[in-house]
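The values are calculated or read from the model by the stated rules, or taken from the named source; none is laboratory data. From a predicted model like this one, the values you see are computed outputs, not experimental measurements. A quick note on method: Cβ atoms are made from the backbone with ideal geometry, for glycine too, and the neighbour counts reach across all protein chains shown. When the accessible area is computed, the model is the full protein with side chains, heavy atoms only, and any ligands, DNA or RNA have been set aside. Shrake-Rupley method; radii C 1.70, N 1.55, O 1.52, S 1.80 Å.
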Amino acid sequence: MSHNISIQKVTESKVANIDFNNIPLGTTFTDHMFICDYDNGTWVNPRIIPMGMIPTHPAAMALHYGQAIFEGMKATVDADGNPMLFRADKNAARLNTSADRMGMPNFPEDLFVEGLKQLVDIERSWIPPTDGSALYLRPFMYADEPFIGMRAANHYKFIIMASPAGPFFSNRIKLWAEKQYIRAAAGGTGEAKAAGNYAAAIRPTELAKAKGYDQVLWLDAVEHKYIQEVGTMNIFFKIDGKFITPKRDGSILDGITRMSVIDVLRDKGYEVIERAITIDEVQEASKNKTLEEAFGTGTAVGIAYIQEIGLEGETIHVSNESPVGLEVNNTLNDIKTGKVEDKFGWMIKA
């Protein structure tokens, strides 16, 4: 389907003011944003306009009932300087999975990708040139209908904004295994990228940081022993030569980096098992020296290497090195920047 996206460009870009070697996380935004409105049962008026404030009625339903979802992805440049997107079709599909769970309308997946491509093309000078950096893209949808009442909204906005980002985690991270607070429960919204999921994680994450840890290791809601995610990432453990990652059960996000890491690991000859794994099993593997490495995976971080996991009264030492995690991270970065062949067919030119 062809979509007519109107474009209004700024008269002068702010990109000349950016120091790409010192990018403040999440506070610098590009010149433009993509917007589309849902009204009377259809998406209308797709447009790229200068980045700016959006008038919002105090009764906008997202503010009261939480109909708000988002995606996260990155644009890089290849060896020829072409802006590239990584598996954008998967983000488009996942946004609609989240929309279904949150009672929101689906957004046309071809328009999602086309809006991204046109926005990234316009903002190509904002893509940082340094290794490990990228242009972070944040597509999101929220209910902006002014109505106080418990029902699905009839009016929504879909927006894509962009922010240059440097490397996320540089140091190995320490996790706190959380046994009081939970991230998600079966039948809840854990598989959706719903804004409220992240709000619920803020306090326990701050408490973990106060204890000297970097992120929370989330456990299941019932027995507090089955590992789900780490912070806002999926997680992999290498135990006795095999990689284990928690099986998706409706409460674990279908991470696009996760699915890509599984493919890369298998391509490199490693066995990857998707199954339930408990904190007790990880603890035992550490004691008997079969726990070889662990890492988190996500769009923002790429791969975050895990040093240790803290429990009440005990520390599980994971590893001081993550050789396979590093190899996989380098492979993904090389695919995204065109340094190696994209044998998986993941990259899309903007």
*Helical mean residue ellipticity (222 nm; -39500 (n - 2.57) per DSSP H run of 4+; nearest 500) of the chain*: -7500 deg cm²/dmol
*Which values, in whole Å and largest first, are the semi-axes of the equivalent ellipsoid of the range 1-86 obtained as the square root of 5 times each eigenvalue of the Cα gyration tensor?*
28, 19, 15
*Report the label-to-label distance for Asn106 and His57 in nanometres (one decimal), using points 7 Å from each Cα along the Cα→Cβ vector.*
2.8 nm
*Go through Glu312, Glu223 and list them by solvent-accessible area, largest first, probe radius 1.4 Å.*
Glu312, Glu223
_I want to verify a result. In a Gaussian network model of the chain, Cα cutoff 10 Å, which of these has the top mean-square fluctuation: Asn106, Asn320, Asn288?_
Asn288
*asked:* Keeping all protein chains in the complex and leaving out DNA, RNA and ligands, what accessible area do you get for His64 with a 1.4 Å probe, in Å² to the nearest 10?
replied: 90 Å²
*Arg203 to Leu25: extension gain in nm, 0.36 nm per residue of separation minus the Cα-Cα distance?*
62.1 nm
*What accessible surface, in Å², does a 1.4 Å probe find on Val261, ignoring ligands, DNA and RNA and rounding to the nearest 10?*
0 Å²
*Intensity falloff of the chain expressed as log10 I(q)/I(0), Debye formula with alpha-carbon point scatterers, at q = 0.07, 0.09, 0.15 Å⁻¹*: -0.31, -0.51, -1.36
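When only the heavy atoms of the protein chains count and the probe is 1.4 Å, how do Val272, Val10 rank by accessible area, highest first?
Details: Val272 15, Val10 45 Å².
Final ranking, largest accessible area leading: Val10, Val272.
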*Descending Cα extents along the principal axes, the range 41-160, whole Å*: 52, 28, 26
_Can you give me the distance in nm between label points at Asp342 and Glu321, each placed 7 Å from the Cα along the Cα-to-Cβ direction?_
3.3 nm
_Extension gain, Asp254 back to Lys289 (0.36 nm per residue minus Cα-Cα distance, nm)_ = 9.6 nm
*Could you please put Met347, Met141 in sequence from largest to smallest accessible area, using a 1.4 Å probe?*
Met347, Met141
_What is the angle, in °, between the Cα long axis of helix 109-122 and the longest principal axis of the Cα atoms in the chain? Nearest 10 is fine, range 0 to 90._
80 degrees
*Can you pick out the pairs among Lys179/Lys268; Lys74/Lys179; Lys289/Lys343; Lys247/Lys336; Lys174/Lys247; Lys14/Lys349 whose Cα atoms lie more than 30 Å from each other?*
Lys179/Lys268; Lys74/Lys179; Lys289/Lys343
*Take Lys225, project a point 7 Å from its Cα along the Cβ direction, then tell me which residues of the range 284-305 have their backbone nitrogen under 17 Å from it.*
284-287
*Once the whole set of protein chains is in place, how much accessible area is left on Glu327, using a 1.4 Å probe, in Å² to the nearest 10?*
80 Å²
*According to the Kirkwood expression over distinct Cα-Cα pairs, how big is the hydrodynamic radius of the range 163-300, in Å?*
15.6 Å
*asked:* Compute the helix-to-body angle for 256-267: its Cα long axis versus the longest principal axis of the chain, expressed 0 to 90° and rounded to tens.
replied: 50 degrees
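At most 14 other Cβ atoms within 10 Å plus a DSSP loop assignment makes a site exposed; report the longest stretch of the chain without any exposed trypsin sites (Lys or Arg not before Pro).
With trypsin sites (Lys or Arg not before Pro) excluded where exposed in loops, the chain gives 15-150 as its longest stretch.
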